[in-house]
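I have placed the structure first, in the form of structure tokens, so that the comments after it can refer back to it.
The values are calculated or read from the model by the stated rules, or taken from the named source; none is laboratory data. Not measured: the values here are computed from a predicted model. We place every Cβ from the backbone using ideal geometry, glycine too, and count neighbours over all the protein chains shown. What goes into the accessible areas is simple: the full protein's heavy atoms, side chains included, and nothing from ligands, DNA or RNA. Shrake-Rupley method; radii C 1.70, N 1.55, O 1.52, S 1.80 Å.
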Amino acid sequence: MHKIEENTVRYSVRDLVEFVLKSGDIDTRRGGPQIQDAMLEGAAAHRRLQKAEGGDYQAEVPLKIELPVSDDPEVILRVEGRADGIYTRTREDGSTVVTIDEIKGVYRDLSTMEEPVPVHLAQALVYAYIKAHDDGLPEVSVRMTYVRLPEPDGPGRARKKPDLNESIHFITEYSLLEIEDIFNSYVEACRKWAVFIVRHRNAREESAKDFPFPYPYRPGQREIVHQVYRTVRDEGRLFVQAPTGIGKTLAMLYPSIEAVGQGLSDRIFYLTAKTVTSGVAEEGMSLMAERGLCFSFTSVTAKEKMCPMPDMHCNPDYCPRAKGHFDRINEAVYDMITHETAITRDVVSRYAEKHEVCPFEMSLDATYYTDVIICDYNYAFAPHVALKRYFSAGTKNDFIFLIDEAHNLPDRAREMFSAMLVKEDVLAAKKLFPEQKTILKHLDKVNKTMLALKRECDKVTVFDQDTFPNVLYSDLADLYDAINRYLDRGDRRGPMPDEGTMDKILTFFYAVGDFIGTCEALDEGYLSYASFDNDGQFFVRLFCVDPAGRLRESFENIHSAIFFSATLLPVNYYKELLTGDREEPAMYVNSPFDSSKRALYLSRDVSSRYKKRNDEEFRKIAFYIEQMVRARKGNYLAFFPSHQFLSEVARFLSEDGEEYELIKQKRSMSEDERREFLRAFSAERDKPLLGLSVTGGVFSEGIDLKNEQLIGVAVVGTGLPQVSPERELIRGYYEAKGENGFDFAYRFPGFNKVMQAAGRLIRTTEDEGVVLLLDERFRYSENLRMFPREWDNYRVVSRETLDEELKRFWEER
């Protein structure tokens, strides 16, 4: 990835040649990341080979060249890197020649190599040109050295040293004129990009100078802006609890943009949990662009939503855009970034169609050249989904993370960093490789190990974390390597599998790789266990109970991070789960909304406890909800602990349409059905509308129903998650740390869902309405202490008093 300093665009030698020589097809049928990039494992091989050379061999020689590529604006291109080795080689005739040694570690069988990989040779040629240019050499030699790497180490596998005898050399000599022509062709290919990068950077910084906040500040916004700016300036982290409707998105983007414009940081990642919040960030960026801000953004959309094909088979035999994608992608991206600054899903799709390239891959490449990247959490944190181009291990980056709806990140992170292997999937995989004896042998070994674990498992077996990974890791690593060779080199018997079979192979292959990678990352925040799913299938799970350690690795490699949400309470709970540091700065922004416009009622005589779930209780809950609906004509939402609970209460609600219209969330709803459900709240009608939904579901977060679209919300139950093996593991883990395990596993995440559901009401200063919290436990002190400040004016009601309370509230309105 290029870097820029004033008018100088910097490329590493590797980045330069990989960019210029990009070519070929997208083909996910090829091997995994071990074969594609052996840099880390190859470092040890480099050192041993360099040490073995002796003599005048110089290792890791820094080389750099700068050359002007434009006068208006003035642009300098700097190409730099470290040559693996430089030495003087003696020819057969006794003459000598300076030689550049480029070392590559690979997992492949070296006997299959007939010539260097072109992009590897190109790196050596760039180093050779710089050396020849600097020293005035008329000719120079290039030696490509390949060494076969041992299979990766991990839990239970001792690291092997590369065998230096398993190496191969390709030696070629070049005149200065020959490599000068090659180098100049690379420079020429980069020229227009470098000019674009500098011009855009200059325009970006100029537009950010004294750029005003786009609106008059709302109460609380100015304080957020100032605190976020200070956090970015000081390269810190900040937790922000601020109410819905205050304008958090702009209050986060504006100071971050100001800081980037001043050179305090380089790029902003606006990270979201849901598509709807991405749209809000896009709107904020577009609004500032309309007022003269020259900052570009790319909104990254999931591959399955971007793919134009009926099925997502990413290979040239199925997808015409995959065929030759890399031959066309650079010009496609240049066309887009030089004509667009708001690179949304629709914009990417349009340009991808024009140039016949993959829209998803195009959107990822566009992020190189935009200032703000709007994307899902996955792209920043998930080990096998993250944008590796930005977040390679150990790399410190000048990035700002703005983490929207941060209350979602703990559970999302737990899932990202966990892995599972199902025994039945291992058995089923045998049918995918009918003639592959090596793979079948390794599948049998893995299956045998899992069978032994299954026999010892009653319901849930928690393993000793110090010894467990050894049990499966080695066999799985051998299996992964065998499948990898099968995919990468076509090392297979029989014909190429059909698309459906190949999809299953890749799914299994990635699952095995994910499990291995997670084994290698295990720390004290993990618990490993075995159990059975609802279908009786046996599985082994590496469960990331406490994601703070893994997340902290990401945060320590960026400039600054802001966590913000309307429901980031209790804040110490989120600090513990997201960074592990309760001393992190936090700010609580009071609600600017008139509290008299919202009535909050707590029921004293109804419960959602499991032991009280009966017709009498369902009837009482229905009574409360209908009282709310009858008090004033309008639109209402009622949230329930589950679909089953919703159905039970619905039996006691009027469905004849005489008093109000009733709509229900279904267990599974298409995008069109979801839109239809929400459209009902905008339609004109003569009677009230009551929508029934599920707490924590698609309608309890991220929907914006303003003014008369919604005037009442009922939340049934305290939102506690169902008791499960993993929830109990969370509970036990935090109790062992001296915390209240029930709070961490159940109460805190449950109450967050309640706050999210209740937060569907009062989205603007004009909104007004009522919230019913229907469970006697809301009155308990352990729940009251979690209430946000704006809930202090709650009133306790019963079935006998609610009607009078509602009448009083609406009369006062």
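Got a number for carbon plus sulfur as a percent of region 247-405's accessible area, 1.4 Å probe?
The nonpolar share, carbon plus sulfur, comes to 48 percent.
Hey, rough spin-label estimate for Thr507 and Asp704, points 7 angstrom out along Cα→Cβ, what's it come to in nanometres?
Distance between the two pseudo-spin positions: 3.7 nm.
Taking θ as phi - 60°, what are the ³J(HN,Hα) couplings along region 6-18 by the Karplus curve (6.51, -1.76, 1.60), each to the nearest whole Hz, with x for Gly and Pro?
For region 6-18, the Karplus curve yields 6, 9, 10, 9, 9, 10, 6, 4, 5, 4, 4, 6, 5 Hz.
Hey, what number do you get for the chain at 222 nm if only DSSP H runs of n ≥ 4 count, each worth -39500 (n - 2.57), divided across all residues, to the nearest 500? Numbers along the way, then the final one.
Details: 27 runs with 329 residues, N = 813.
Result for the chain, helices only: -12500 deg cm²/dmol.
Expected output is a single nm value to one decimal: the length gained when fully extending between Ser70 and Ser111, i.e. 0.36 nm times separation in residues minus the C-alpha distance. What is it?
10.2 nm
Only bridges with both residues in the chain count here: give the DSSP antiparallel percent, nearest 5.
Roughly 40 percent of the DSSP beta bridges within the chain come out antiparallel.
Report ³J(HN,Hα) in whole Hz for each residue of region 395-412, in order, from the Karplus equation J = 6.51 cos²θ - 1.76 cosθ + 1.60 where θ = phi - 60°; Gly and Pro get x.
Here the 3J(HN,Hα) series is 8, 8, 10, 8, 10, 9, 9, 10, 9, 7, 6, 5, 5, 7, 5, x, 5, 5 Hz.
As I understand it, the dipole of region 724-813 uses +1 on the Cβ of Lys and Arg and -1 on the Cβ of Asp and Glu, about the Cα centre. Which of Val796, Tyr734, Phe748 lies farthest toward its positive end?
Tyr734
Could I have the simple spin-label model distance between Ile182 and Lys737, label points 7 Å from Cα toward Cβ, reported in nm to one decimal?
Going from the Ile182 label point to the Lys737 one covers 5.4 nm.
Between Leu506, Ile483, Met587, whose Cα lies farthest towards the positive end of the dipole of region 470-614 when Lys and Arg beta carbons carry +1 and Asp and Glu beta carbons carry -1, centred on the Cα centre?
Selected residue: Met587.
Averaging sequence separations of C-alpha pairs under 8 Å and six or more residues apart, then dividing by the length of region 277-385, give the relative contact order as a whole percent.
Relative CO of region 277-385 lands at 39 percent.
Considering only protein heavy atoms, what is the solvent-accessible area of Ile168 at a probe of 1.4 Å, reported in Å² to the nearest 10?
Here the residue's solvent-accessible area equals roughly 40 Å².
Quick one: which of 343-356, 782-795, 601-614 comes out on top by average Cβ neighbours within 10 Å, and what's the full order, highest first?
In decreasing order of mean packing, 343-356, 782-795, 601-614 become 343-356, 601-614, 782-795.
At a probe radius of 1.4 Å, what is the per-residue accessible area of Tyr368, in Å² to the nearest 10?
Here the accessible area works out near 50 Å².
If one takes the longest principal axis of the Cα atoms in the chain, at what angle in degrees, from 0 to 90 and to the nearest 10, does the Cα axis of helix 748-758 lie?
Between the helix axis and the principal axis of the chain, the angle is about 70 degrees.
Might you report the magnitude of the Cβ-based charge dipole of region 587-668 about its Cα centre, with Lys and Arg at +1 and Asp and Glu at -1, to the nearest 20 debye?
Dipole of region 587-668, to the nearest 20 debye: 380 debye.
With θ taken as phi - 60° and the coefficients 6.51, -1.76 and 1.60, list the Karplus ³J(HN,Hα) couplings across region 339-348 in order, rounded to whole Hz; mark glycine and proline as x.
My calculation for region 339-348 gives 10, 10, 10, 9, 8, 8, 4, 5, 5, 4 Hz in order.
Using a 1.4 Å probe and counting only protein heavy atoms, arrange Arg291, Arg679 so the residue with the most accessible area comes first. Can you show the working numbers first?
Values: Arg291 110, Arg679 130 Å².
Solvent-accessible surface, decreasing: Arg679, Arg291.
On C-alpha positions alone, give me the angle between the axis of helix 39-53 and the longest principal axis of the chain, in degrees, nearest 10.
For 39-53 against the chain, the angle is about 20 degrees.
Please work out the C-alpha center-to-center distance from region 575-603 to region 650-681 and express it in whole Å.
Centre-to-centre distance over Cα atoms comes out at 31 Å.
Note down the relative contact order for the chain as a percent, whole number, built from C-alpha pairs under 8 angstrom at least six residues apart. Working shown, then result.
Working: 1402 pairs, mean separation 101.1, N = 813.
In percent, rounded to a whole number, it is 12.
Given Cβ point charges of +1 (Lys, Arg) and -1 (Asp, Glu) and nothing else, what value in debye, to the nearest 20, does the dipole of region 384-468 about its Cα centre take?
Values: 15 positive and 13 negative charges, 115 e Å.
Computed about the Cα centre, the dipole is about 560 debye.
Taking amide H positions as placed in the peptide plane 1.01 Å from N, state which residues far from Glu139 in sequence (5 or more) or on other chains have amide H under 5 Å from it.
Leu176
Consider a paramagnetic label point 7 Å from the Cα of Thr28 along Cα→Cβ; state which residues of region 305-324 have an amide N under 16 Å from it.
Within reach of a label on Thr28, which here means backbone N under 16 Å from a point 7 Å along Cα→Cβ, region 305-324 contributes 305-323.
Taking amide H positions as placed 1.01 Å from N in the peptide plane, with prolines and chain starts having none, which residues 5 or more places from Lys664, or on another chain, fall under 5 Å of its amide H?
Leu692
Using R₀ = 51 Å, calculate the FRET efficiency as 1/(1 + (r/R₀)^6) where r is the Cβ-Cβ separation of Val119 and Ser781; round to 0.05. Please report the intermediate quantities before stating the final value.
Working: r = 65 Å, r/R0 = 1.27.
In this case the efficiency is close to 0.20.
Can you give me the % of accessible surface on region 690-789 that is carbon or sulfur? Probe 1.4 Å, all protein chains present, nothing else counted.
Exposed carbon and sulfur together represent 46 percent of the surface.
Using the beta-carbon distance between Met420 and Glu524 and R0 = 25 Å, what value does 1/(1 + (r/R0)^6) give for FRET efficiency, to the nearest 0.05?
Efficiency for this residue pair is about 0.80.
Between Lys441 and Arg630, what is 0.36 nm times their sequence separation minus the Cα-Cα distance? Round to one decimal in nm.
Length gained, Lys441 through Arg630: 61.2 nm.
Given labels modelled 7 Å from the Cα in the Cβ direction, how far is it in nm from Tyr217 to Ser670?
4.9 nm
Using a 1.4 angstrom probe, figure out how much accessible area region 661-720 has per residue, in square angstrom, rounded to the nearest whole.
Values: 2800 Å² over 60 residues.
I get 47 Å² per residue for region 661-720.
Between region 748-780 and region 315-356, how many Å separate their Cα centres?
45 Å
Which FRET efficiency value, to the nearest 0.05, do you get for Met496 and Thr461 by plugging their Cβ-Cβ distance into 1/(1 + (r/R0)^6) with R0 = 30 Å?
Given R0 = 30 Å and the Cβ-Cβ separation, E is 0.15.
If I fit a long axis through the Cα atoms of helix 615-631 and take the longest principal axis of the Cα atoms of the chain, what angle between them do I get, 0 to 90°, rounded to 10?
Orientation of helix 615-631: about 80 degrees from the principal axis.
Stretch Lys687-Arg91 to full length: gain in nm at 0.36 nm per residue minus the Cα-Cα span? It would help to have the intermediate numbers written out before the result.
Details: separation 596, 0.36 × 596 = 214.56 nm, distance 9.53 nm.
Full extension of this stretch gives 205.0 nm more.
When only Cα pairs under 8 Å and 6 or more residues apart are kept, what is the percent relative contact order across region 695-753?
39 percent
With charges only on Cβ, +1 for K and R and -1 for D and E, what is the dipole size of the chain about its Cα centre, in debye, rounded to 20? Intermediate results must be reported in sequence, preceding the final value.
On the way: 109 positive and 135 negative charges, 444 e Å.
Dipole size: approximately 2140 debye.
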